[in-house]
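The values are calculated or read from the model by the stated rules, or taken from the named source; none is laboratory data. Keep in mind it's a predicted model, so treat the numbers as computed, not measured. Positions of Cβ are generated from backbone atoms using ideal geometry, with glycine treated the same way; all protein chains shown enter the neighbour counts. Each accessible area value is taken on the protein alone, full model and side chains, heavy atoms only, with ligands, DNA and RNA left out. Shrake-Rupley method; radii C 1.70, N 1.55, O 1.52, S 1.80 Å.
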Amino acid sequence: MVPLGDVATVERKSVSADDIGGDAWYLGLEHIESGGRILGRQSAREAQLKSSKFRFGPNHLLYGKLRPYLAKIALPDFEGVCSTDILPVRPGPNLDRTFLAHYLRKSDVVDAANLRASGANLPRLSPAELEKLPVPLPSLDEQRRIAAILDQADAIRTKRRDALARLETIVRNRFIEVFGNPVLNPYGLPTVSLLDIGALGRGVSKHRPRNDPALLGGPYPLIQTGDVANSGGRISSWTATYSELGLRQSKIWPSGTLCITIAANIAKTGILDFDACFPDSVVGFQSSRENVHFVQCWMSFLQPILESQAPQSAQRNINLATLRALQIPIGSLDALHDFAAFCENVEEQRSKLFAAADEDDALCASLQFRAFKGEL
């Protein structure tokens, strides 16, 4: 084990916004997902850069120093400039770039880096602290052998994630095929409000759960905005519960309720798989299974519009009146029934893929653990 700074260099080659060509590629932290996949990039012209950035190339590892627990550690295959919250790291001749990336993404190494970060609300890892991180240094041939095995495992995991993303696209494409674009309503479908086809109401929480521990820890599942936003459309688990005291100041919503967020995460949705409580930052829509599936997909098209129009004070939010005023072009009962059956079939496939993805994650973690203990 050696300090990273002994075998790699953090290269902060700053370039002013005026000296960055308009066609140069730009990467911000928003372009890198946790785990390191590069989701996209912008030209410097599109990004309208106003401040200095760091240069990088295909020989660098890009390390997101802001909130290091997110493990935004990427391997670019192109040249460009990046946010100064990303550190370009150039491995030396005795260190393989891909091997280093796999090591730095290990959960215990991510935790160690996070402990070295400074700043309470926006923790950042300084270049000096990054260079102090100990890294293993087997022979280059051994590094490349380990990296190749972990690359294969990661490729399987990536394909599974891509398959999950395609399922969401399939549902949206089916919606457009049957009902047309919901924003344009090209088929001239009759329009209704949410109240015309179901019941709509805000969650109830007279006291904020985080402000009173006595409200928590009982048998009643509690769903909050983050649970809805991260559910992938189906809420099948919970991370918090209400006590009897918590339930008395709240309300239980039945399984099958469509949860719609109206604060922080705007118009994100998830269908409850169990009875649960939620606070007034979430709205519940109750109706037939056909209407619930239809409204959920319809909301996915409208979500970016609602989010962009949401007023912002401390955080973005909309209110119940906003949802009540929406006009929904709705199809025939037969079309709604067929679409709901299609959604449920896709959801069944999605559940199987999620289970397989969990197995992939466990395999990758096991391989990483063995690899960097010299047991692979």
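Here residue 247 meets each of (1) touching a Cys at 6+ places or on another chain (Cβ under 8 Å); (2) under 21 Å from residue 213 (Cβ atoms); (3) at pLDDT 95 or above with one exception, condition (3). Of the set (1) over 24 Å from residue 168 (Cβ atoms); (2) modelled with pLDDT under 95, all apply to residue 262 but (1). Applying the selection to the range 51-89, what residues are surrounded by fewer than 19 Cβ atoms within 10 Å (Cβ to Cβ), within 17 Å of residue 147 (Cβ to Cβ) and in contact with a strand residue (DSSP E or B) (Cβ under 8 Å, 6 or more places away or on another chain)? Hits for the range 51-89 are 59, 75. Looking at this structure, is residue 190 surrounded by fewer than 16 Cβ atoms within 10 Å (Cβ to Cβ), farther than 19 Å from residue 320 by Cβ and in contact (Cβ under 8 Å) with a residue 40 or more places away in the chain? For residue 190, the condition - surrounded by fewer than 16 Cβ atoms within 10 Å (Cβ to Cβ), farther than 19 Å from residue 320 by Cβ and in contact (Cβ under 8 Å) with a residue 40 or more places away in the chain - is met. When residue 230 is tested against the conditions (1) open to solvent by less than 30 Å² (accessible area, probe 1.4 Å); (2) under 23 Å from residue 344 (Cβ atoms); (3) not basic (Lys, Arg), the lone failure is (1). On the given criteria, is residue 111 surrounded by 14 or more Cβ atoms within 10 Å (Cβ to Cβ), charged (D, E, K, R) and within 30 Å of residue 355 (Cα to Cα)? The answer is no for residue 111. Under the condition of being open to solvent by 60 Å² or more (accessible area, probe 1.4 Å), touching a residue at least 40 places away in the same chain (Cβ under 8 Å) and not aromatic (Phe, Trp, Tyr), the residues counted in the range 156-187 number 8.
Residues that are farther than 30 Å from residue 17 by Cβ, open to solvent by less than 70 Å² (accessible area, probe 1.4 Å) and modelled with pLDDT under 95 are absent from the range 116-132 altogether.
Among the conditions (1) closer than 24 Å to residue 7 by Cβ; (2) within 21 Å of the chain's Cα centre (by Cα), the only one that residue 67 does not satisfy is (1).
Would you say residue 39 is within 20 Å of residue 151 (Cβ to Cβ) and either open to solvent by less than 50 Å² (accessible area, probe 1.4 Å) or charged (D, E, K, R) (or both)? The answer is no for residue 39.
Of the residues contained in the range 10-26, none is found to be buried (at least 16 other Cβ atoms within 10 Å of the Cβ), closer than 25 Å to residue 145 by Cα and among the acidic types (Asp, Glu). Applying the criterion of at least 1 residues that are over 24 Å from the mean Cα position of the chain (by Cα) and within 24 Å of residue 338 (Cβ to Cβ) to the helices (runs of 4 or more DSSP H) found wholly in the range 164-249 leaves 194-197.
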